[in-house]
Amino acid sequence: MKDSKYFLYSTKATSAHIDPNKHINNIIYLQWMQDAAVEHVKHNRTFDLIQSLGLTWFAKTHHIEYMSQGFLNDEIIVVTWVENLTKISTLRKYSIYRKSDKKLLCKGETLWIMINIEKSRPTKIPQNIIDVFHNIDDANIEDLSSLI
């Protein structure tokens with residue numbers, strides 16, 4: 001059985017996440033995007049493999065679009081997936097929901113570049129890592145909130 005294209009990461013908005021306007025601070029969404037990406041590569045067993053090869057992911061660009069406000073104690077679900085894979089990069093997308101009403105709070109994407117740590121230079125993604133991303137059920141789901 002293939003892994004799903006989509007990975008769900010759960011968290012909760014705490015007082016540390018709330019800004020003076022009494023909603024979730026915009027920088028917190030970026031942190032949750034990164035946390036979800038890290039947990040996804042740990043889940044698909046590529047995190048340790050990448051590190052053992054002296055490689056890492058480097059975020060080249062982030063794009064975030066805020067759709068609605070989140071508040072203290074909201075249970076949050078981040079849905080993330082790799083949308084595109086090239087020789088040296090992945091385009092990872094995110095949709096962030098409030099669990100209680102499945103309200104889309106934020107959506108975004110990050111362009112991650114594979115880096116050789118020793119050389120501090122972009123490098124090709126190893127084939128065994130590419131194989132992990134190709135060995136998924138890549139069926140698209142129109143309504144991502146249905147995953148929650």
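The values are calculated or read from the model by the stated rules, or taken from the named source; none is laboratory data. Remember, it's a predicted structure, so these values are computed and weren't measured experimentally. Using ideal geometry, Cβ is built from the backbone for each residue, glycine included, and neighbour counts are taken over all protein chains shown.
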**OP:** Name the one entry in Asn73, Asn25 that is among the polar types (S, T, N, Q), touching a residue at least 40 places away in the same chain (Cβ under 8 Å) and either in contact with a helix residue (DSSP H, G or I) (Cβ under 7 Å, 6 or more places away or on another chain) or farther than 18 Å from Leu144 by Cα (or both).
**Re:** Asn73
**OP:** Please indicate, with yes or no, whether at least one residue in the range 40-53 is of a type in the set (Gly, Ala, Ser) and closer than 18 Å to Lys103 by Cα.
**Re:** no
Original post:
How many residues does the range 71-84 hold that are in a strand (DSSP E or B) and surrounded by 15 or more Cβ atoms within 10 Å (Cβ to Cβ)?
Top reply: 7
Original post:
In the range 1-33, what count of residues is obtained for those that are within 30 Å of His134 (Cβ to Cβ) and not acidic (Asp, Glu)?
Top reply: 15
**OP:** Search the range 125-142 for residues that are assigned to a loop (DSSP other than H, G, I, E, B) and surrounded by 11 or more Cβ atoms within 10 Å (Cβ to Cβ) and pair each with any residue that is of a type outside the set (Phe, Trp, Tyr) and at pLDDT 75 or above when their beta-carbon atoms are under 6 Å apart and the residues are at least 6 apart or on different chains.
**Re:** Ile125/Met114; Asp138/Lys5
Original post:
With (1) under 30 Å from Ile18 (Cα atoms); (2) loosely packed, with under 13 Cβ neighbours inside 10 Å; (3) in contact (Cβ under 8 Å) with a residue 40 or more places away in the chain as the list, and His62 as the residue in question, which single condition is left unmet?
Top reply: (2)
Subject >> Sole exception among (1) under 19 Å from Glu142 (Cβ atoms); (2) in a loop (DSSP other than H, G, I, E, B) for Ser68, by number >> reply: (1)
Original post:
Going through the range 1-49 one residue at a time, which ones are part of a loop (DSSP other than H, G, I, E, B) and either exposed (fewer than 14 other Cβ atoms within 10 Å of the Cβ) or modelled with pLDDT under 95 (or both)?
Top reply: Met1, Lys2, Lys5, Tyr6, Thr14, Asp19, Pro20, Asn21, Lys22, Asn44, Arg45, Thr46
